[in-house]
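The values are calculated or read from the model by the stated rules, or taken from the named source; none is laboratory data. All values derive from a computational prediction rather than experimental measurement. All Cβ positions, even for glycine, are placed from backbone atoms using ideal geometry, and neighbour counts span all protein chains on display.
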Amino acid sequence: MTVAGAGLYHIYREGEIETVALRGADIVLAPSSWTSLMGPSGSGKSTLLHILAGLLTPTAGSVIVDGTDLTKADPVEKARRRRRIGVVLQRDNLHPGLDVVDNVALPLRLDGRPGGSARERARQLLAEVGLAGYRRRRVGQLSGGESQRVAIAVALASRPAVLLADEPTGELDEDTAAGVLDVLETVRVRENTAILTVTHNRQVAERAGRRLLMRDGVVVDER
Ligand SMILES: Nc1ncnc2c1ncn2[C@@H]1O[C@H](COP(=O)(O)OP(=O)(O)OP(=O)(O)O)[C@@H](O)[C@H]1O
């Protein structure tokens, strides 16, 4: 699945105050590609990621998912496309009352997969992100870096065609970060997943085959 943003503009409005976050940003994420998006704070990276994920509607421009413009799609079509897109956000939305394995199994249960098989897949993913020993912990009892790895496992659970991750290793030490990046690379190669990582971290950026820079609301430079 290919996700592309074309001519994206976004203006945040809060009362009288307007902030132009995107001024005509373009990006294409092809199957099996790994793109990293860097750029100064406030340049619009998270806004672009939220728009590509379908979590935010752009003020103008299109988000094309396999030929369909998400910004014009009806809610059912939009929801169908969005199910193929996995997202890891800086502040993840895990369920604090559930244990780790049930958090990862939840999207699979919602897709109708039987409990035993959903939990088996969840256990596999938790082992891949280095959390095999944490399965029965409640997510409220995890460190920032551990929660971040659970969020990655949740995003990967439904085998997304596209994975969008905002600072996926932000709270991890170098070794753990390298392990998580290895997991992303394995998934990219094995499942042809298109990956976008938004990051300030060189270690993350260097894993990507393509490095884009964002400045002042546009994607300006490929390095
Ligand atoms: N919810 C919001 N309401 C109003 N303005 C916002 C909102 N979110 C972001 N902005 C503004 O939009 C601009 C782009 O923000 P964005 O978060 O996309 O940048 P970023 O490149 O991801 O920054 P960082 O690297 O600091 O995470 C900034 O000027 C920011 O202050």
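Just name the residue that is surrounded by the most Cβ atoms within 10 Å (Cβ to Cβ) out of those in the stretch 39-55 that are within 15 Å of the chain's Cα centre (by Cα) and within 9 Å of the ligand (Cβ to nearest atom). Spell out how you get there, then give the answer.
Start the filter on the stretch 39-55 by keeping residues that are within 15 Å of the chain's Cα centre (by Cα), which leaves 45-55.
When the remaining residues are screened for being within 9 Å of the ligand (Cβ to nearest atom), the result is 45-50.
Working: 45: 26, 46: 18, 47: 21, 48: 31, 49: 24, 50: 19.
Looking at residues that are within 15 Å of the chain's Cα centre (by Cα) and within 9 Å of the ligand (Cβ to nearest atom), I get 48.
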Check on residue 14, in contact with a strand residue (DSSP E or B) (Cβ under 7 Å, 6 or more places away or on another chain) and free of Cβ contacts under 8 Å to residues at least 40 places away in the same chain: no
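I'm checking my understanding of the structure. Among residues of the stretch 171-185 that are under 17 Å from residue 131 (Cα atoms) and not aliphatic (A, V, I, L, M), which one is modelled with the lowest pLDDT? Give the derivation first.
Kept after step one, since they are under 17 Å from residue 131 (Cα atoms), are these residues of the stretch 171-185: 171-184.
If we keep only those that are not aliphatic (A, V, I, L, M) as well, we get 171, 173-176, 179, 182.
Details: 171: 80, 173: 88, 174: 88, 175: 87, 176: 85, 179: 86, 182: 90.
Filtering the stretch 171-185 for residues that are under 17 Å from residue 131 (Cα atoms) and not aliphatic (A, V, I, L, M), the one modelled with the lowest pLDDT comes out as 171.
For every residue, the table says whether it meets (1) crowded, with 19+ Cβ neighbours inside 10 Å; (2) touching a strand residue (DSSP E or B) at 6+ places or on another chain (Cβ under 7 Å); (3) more than 29 Å from residue 28 (Cβ to Cβ).
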residue: 118; (1), (2), (3): yes, no, yes
residue: 132; (1), (2), (3): no, no, yes
residue: 136; (1), (2), (3): no, yes, yes
residue: 148; (1), (2), (3): yes, no, no
residue: 154; (1), (2), (3): yes, no, no
residue: 163; (1), (2), (3): yes, yes, no
residue: 176; (1), (2), (3): no, no, yes
Close pairs (6 angstrom Cβ cut-off, 6 or more residues apart or separate chains): within 14 Å of residue 209 (Cα to Cα) and away from the ligand (no atom under 16 Å from the Cβ) in the stretch 17-36, hydroxyl-bearing (Ser, Thr, Tyr) and modelled with pLDDT under 95 anywhere: 30/2
Members of the stretch 156-173 that are among the small types (Gly, Ala, Ser) and either over 19 Å from residue 103 (Cα atoms) or in a loop (DSSP other than H, G, I, E, B) (or both): 158, 161, 170
Among (1) outside any loop (DSSP other than H, G, I, E, B); (2) surrounded by 14 or more Cβ atoms within 10 Å (Cβ to Cβ), the one test that residue 189 misses: (2)
